[in-house]
Structures are given as structure tokens and as C-alpha cells.
Amino acid sequence: MIITNSRAYTECFMQLANVLDLDENRPSYHSLRVAAIAYKMGELLNSKNLQEIFWSGLLHDIGAFGYNDFTVSTSESISVLEKDKIFNHTIKSAHIILKELPGEVGAVAEFVKYHHEKFDGTGFPEGLAGNDIPICSQIIKLADDLDTALRIIPEIPKKDIYEMFNNNINREYSAEMVSLLIETLEKDNFFSEIEMGAYVPIVVNDILNSLPCYNMFLGADLLEKITTVFADIIDAKHEATLGHSGRVAAYSQHIAEFLKLNPKDIIKVKLAGFMHDIGKAAVPRNILNKRDDLSPFELHVIKGHPVLTMDILKKMSVFNDIVEIAGYHHERLNGSGYPNALPAESIPFLARIVMVADVYDAMTSGRRYQKFVSREQALDYIIAQKNVLFDADAVGAMVEVASGELKKLSADNLAKRAGE
Ligand SMILES: [Fe+2]
Ligand SMILES: [Fe+2]
Ligand SMILES: [Fe+2]
């Protein structure tokens with residue numbers, strides 16, 4: 001069990017928010033800005049839940065990954081189908097927080113669940129009214145709606161935004177909450193600080209330094225759960241390879257176990273497997289899922305993803321020791337890989353494991369920009385590239401792991417046939 005602190009959690013949640021906000025390569029700063037506005041409102045209210053309010057802001061739309069931006073932030077004039085999705089995202093967000101994130105974050109799940117309730121009881125998911133809606137959820141809603149208003153182009157003047165909130169008193173919001181929002185925005189000219197998207201990370205950084213820091217536990221189990229949330233977000237975006245990150249994690253783990261590596265290294269390669277492609281959050285879906293050949297520019301965009309994976313991992317202290325293990329998965333021993341065309345001696349052994357696991361799964365799971373081949377063909381290729389592109393020990397172990405899988409598959413098939 002590793003003892004760490006609330007700051008380490010905040011770092012992880014900020015990067016989850018970042019990966020969500022990077023959707024379609026447009027840093028919308030949505031989750032970050034909602035967190036910053038909500039935090040400042042909580043501060044003015046002297047709330048004891050400042051940490052939870054900030055986390056709620058970061059995570060409120062986590063259940064909406066894979067949807068387009070529009071469906072997350074608009075609740076009027078949309079199709080029934082999209083309304084269904086919107087209704088579900090609050091419940092899904094709460095579910096992910098409760099199931100996959102540490103127990104200490106439990107309160108956040110409730111705040112997030114009710115962030116689309118309206119003061120007059122016409123919101124969702126439960127139609128709560130008045131102060132039956134937790135105050136923290138009301139705060140998130142106001143911050144959420146303000147962010148939406150700030151992102152409208154052409155820009156809406158401040159006075160019109162205030163008017164919009166005032167006009168919705170007793171419908172969407174309580175009078176107290178609207179004055180809290182306006183007071184927050186007027187204090188120290190916070191409105192002008194927060195209105196420009198590009199300035200949001202700076203505001204958030206200041207908040208980060210003023211948040212309380214206390215000890216919290218973070219074991220391997222929890223770390224793994226957090227990495228699965230990242231992996232789910234990425235895989236949801238990449239329809240052709242649903243489950244890719246999880247399979248790379250599993251293959252990497254099995255290779256490391258076969259090679260009898262120590263338990264810490266086994267965990268490291270597994271976590272790196274889940275996280276290796278998180279940089280793909282910045283690659284637009286139309287490139288990721290493109291059926292035809294990629295243009296040189298599109299290829300360039302795709303090839304940038306390991307750099308972003310490493311940038312994101314570096315921002316979370318609990319993942320600092322897997323940065324290279326995850327980020328070097330497209331490097332090759334003969335220096336022909338990317339992003340840095342590293343020579344063999346610069347590629348750590350654990351990274352070589354994830355490399356082979358990634359190639360094997362990419363070849364056998366039908367990734368569109370590579371040719372789909374049978375498991376046997378994939379193994380033949382990997383074996384042929386032993387000591388050229390791939391590490392000999394990692395290849396040997398991958399062959400064993402994959403052969404075990406093949407044997408299991410044919411045994412399952414036989415059993416299935418016997419049962420028919
Ligand atoms: Fe939402
Ligand atoms: Fe939102
Ligand atoms: Fe990759």
C-alpha cells in the first residue's frame with residue numbers, strides 16, 4: 001500500500017478532465033473552468049467541501065466521454081436520442097466515480113449526479129426541486145451553464161450573461177445561488193480572469209496550490225482502477241479498437257509474469273499498458289477512425305500521440321515511473337520508431353514489453369490503418385523482427401502468452417462444438 005496525498009488524487013482527476021476536454025483536439029477547458037468557477041463560489045460560501053467541489057467540477061461530465069461536445073452542454077432543442085444520452089451522463093458519471101475512484105471521493109458522486117437538476121424540479125435525473133438539490137450540485141450547475149455561455153461564438157457580453165442567469169431565477173436556479181455566482185464573478189474581477197479559455201489553466205494552477213493537502217491511501221488496485229477509466233475514455237473514442245488498452249495491459253502483465261519479473265515491475269507494465277495511448281485524446285476521431293490511407297499530415301498527427309501520453313503521465317506524480325514504459329511503445333530497437341527514433345540502449349526493458357504487446361494486439365484486433373492479420377501471422381511477423389525491431393526476451397514471452405491464448409481459443413471452440 002502506498003500512502004500518498006489528496007494532491008496526487010487531484011493531479012489524476014485534473015488529467016482525466018484534461019483528456020475529456022481534449023476531445024476532438026479542441027482544448028475546451030470545460031471541466032477545468034467548471035471546477036475553477038465552482039471552487040471560487042464554494043470559497044465565497046465558506047464551504048467545508050472545497051476539495052469535493054473542485055473534484056466534482058473536474059469529474060462532472062466523466063460519464064459523457066465518447067459523446068460530442070454538443071450533447072454534453074446543451075439541454076434544449078435536441079433530439080430524443082440525444083436527450084437520452086444526456087439524461088444518462090449524470091448517472092454514468094456518478095457510477096464511474098463510485099466504482100472506479102477511491103472511496104474518499106464518494107461524496108463527489110452525489111454532487112455530480114445532480115448537476116443537471118433545476119430549481120423548479122424540471123431537471124434530471126430525478127427531478128429534485130429547491131434545496132433538495134445538494135448545494136454543491138447547484139454550484140456545479142451554475143458553473144457548467146456559465147462555461148457554456150462563455151463558449152458561445154460570437155461572444156455574449158457580460159451583462160447579457162448576468163441577465164440570462166437572473167431571468168432564470170426560480171426556474172433553473174435559486175435567487176441565492178445566482179447572487180452567489182455574480183458576487184463570485186465580480187470579486188477581484190474574477191470574470192475577466194475566467195472568461196478567456198486559454199487563461200483557465202493558470203487560474204486552476206493557483207487553486208491547486210491553495211487546496212488542502214492531506215494523506216490518502218493509494219494502492220495498486222486503486223491505481224489500476226484509475227488507469228481503466230483513462231483507458232475506457234480513449235477506447236470509447238477509437239471505435240475500431242474497443243478494448244485495445246485493456247488487452248495491451250493484460251498481454252504486458254502476462255509477458256512480465258512469464259518472465260518472472262518482480263511484482264512492482266509487473267504492475268508497472270500493466271498500468272503502462274492501460275495508459276499507453278492516452279495521448280490519442282488529442283487526435284480527432286475522423287483521423288483515428290479513418291478507413292482510407294492517411295495523408296502525411298494525418299500520419300504526423302497520429303505519430304504525436306506518444307508525446308502527449310508522456311506529457312499527461314508526467315503531470316501525475318503517481319505515474320511518473322511509467323512515463324517511458326508507456327510513452328516508448330512506438331520506438332523500435334533499430335532506431336526506426338517514433339516519436340524520438342531512440343536507439344536500443346535508450347529503450348528500457350519494460351517499455352519493450354509494452355511495445356510487443358501493443359504490436360500484437362494492433363495486428364490482431366483489426367486496427368484500420370494497419371492490416372488485420374491472423375494471430376499466427378502476427379506472431380510470425382514479431383518473431384521475424386526479433387532483435388531487429390523487438391526485444392528477443394519480450395518476443396519469446398509474447399509467443400508463449402499468445403500460444404496459450406491460441407490453445408485456449410481452440411479448446412473453447414472444441415468445447416463449443418461439442419456442446420452444439
Ligand atoms: Fe453535464
Ligand atoms: Fe458540463
Ligand atoms: Fe500507440
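Helix 175-186 and the longest principal axis of the C-alpha atoms of the chain enclose an angle of approximately 70°. Axis angle, to the nearest 10 degrees, between helix 244-258 and the longest C-alpha principal axis of the chain: 50 degrees.
Neighbours of A397 by Cβ distance under 12 Å: Lys/Arg scored +1, Asp/Glu scored -1, total -1. Just so you know, the Rg over Rh for the chain is 1.02, from Cα atoms, with Rh as the Kirkwood radius. Spatially, the stretch 99-170 and the stretch 27-61 are offset by 11 Å when compared through their Cα centroids. Computed from the C-beta positions of Q385 and K303, the FRET efficiency with R₀ = 25 Å rounds to 0.85.
Relative to the dominant Cα principal axis of the chain, helix 50-59 is inclined by about 60°.
Modelled this way, with points 7 Å down the Cα-to-C-beta line, the labels at E257 and S346 are 3.4 nm from one another.
Length gained on full extension, L211 to E110, computed as 0.36 nm times the residue gap minus the Cα-Cα distance: 34.3 nm. Do any of K187/K315; K280/K303; K113/K158; K158/K187; K270/K315; K40/K158 go past 21 Å between their Cα atoms, and which? Beyond 21 Å: K187/K315; K113/K158.
Computed from label points 7 Å out along Cα-Cβ, the spacing between D393 and I153 is 5.2 nm.
Rounded to 0.05, the FRET efficiency of the D188 and D321 pair, given R0 = 56 Å and the Cβ-Cβ distance, is 0.90.
The numbers here are math on the coordinates, done by the rules we state, and not lab data. Given the structure is predicted, the values throughout are model-derived calculations rather than measurements. Backbone-built Cβ (ideal geometry, glycine too); neighbour counts: all protein chains shown.
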